[in-house]
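Only one structure is covered here, and it is reproduced in the block below.
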Amino acid sequence: MKGLLIMVSTALFVSGCVTHQSPTGRDQTLLFSTQEMSQLGDASFTELKKKEKVSRNVALNQLVNCVAARITRAQPDQGQRWEVIVFDSKQVNAFALPGRHIGVYTGLLNVAINEDQLATVIIPIALSI
């Protein structure tokens, strides 16, 4: 009986969530509103900038911002600006957070030989937001 109650409660909870179509055309169930997600992304990105070392390398920052700008221009709702930060770390990674934030680690820039390879990593993460 307890298991049935949990299943029914879960089904009611999930059915009450908003369904949204992502930029890739897939349906998504949203547990938080877009505004709540943006606030969470803003807070997380602020914390990351405090904890991680931000790269001061002008050439790397220009490269990442140039690639990110070309990608984000293709996004709907271009009225808002994306914040793009290069973090000085050996991690071979990049990420995007709700609220229009993109982070790229310098370790990725050691692996991505050109702008096209960097864009190949950034495009899917930017589209997922």
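The values are calculated or read from the model by the stated rules, or taken from the named source; none is laboratory data. Predicted model, so just to flag it, every value in this text is computed and none were measured. Quick reminder, even Gly has a Cβ in these numbers, built from the backbone with ideal geometry, and neighbours come from all protein chains shown. These accessible areas exclude ligands, DNA and RNA; they are computed on the full protein's heavy atoms, side chains included. Shrake-Rupley method; radii C 1.70, N 1.55, O 1.52, S 1.80 Å.
Taking the criterion of being more than 15 Å from the chain's Cα centre (by Cα), of a type outside the set (S, T, Y) and open to solvent by less than 60 Å² (accessible area, probe 1.4 Å), the residues of the stretch 39-63 that qualify are E52, V54, L60, N61, L63. Within the option set A68, A119, A74, A112, being loosely packed, with under 12 Cβ neighbours inside 10 Å and among the hydrophobic types (A, V, I, L, M, F, W, C) holds for one residue only, A74.
Listed by position, the strands (runs of 3 or more DSSP E) inside the stretch 32-129 whose residues that are touching a strand residue (DSSP E or B) at 6+ places or on another chain (Cβ under 6 Å) and in contact (Cβ under 8 Å) with a residue 40 or more places away in the chain number at least 3 are 101-105.
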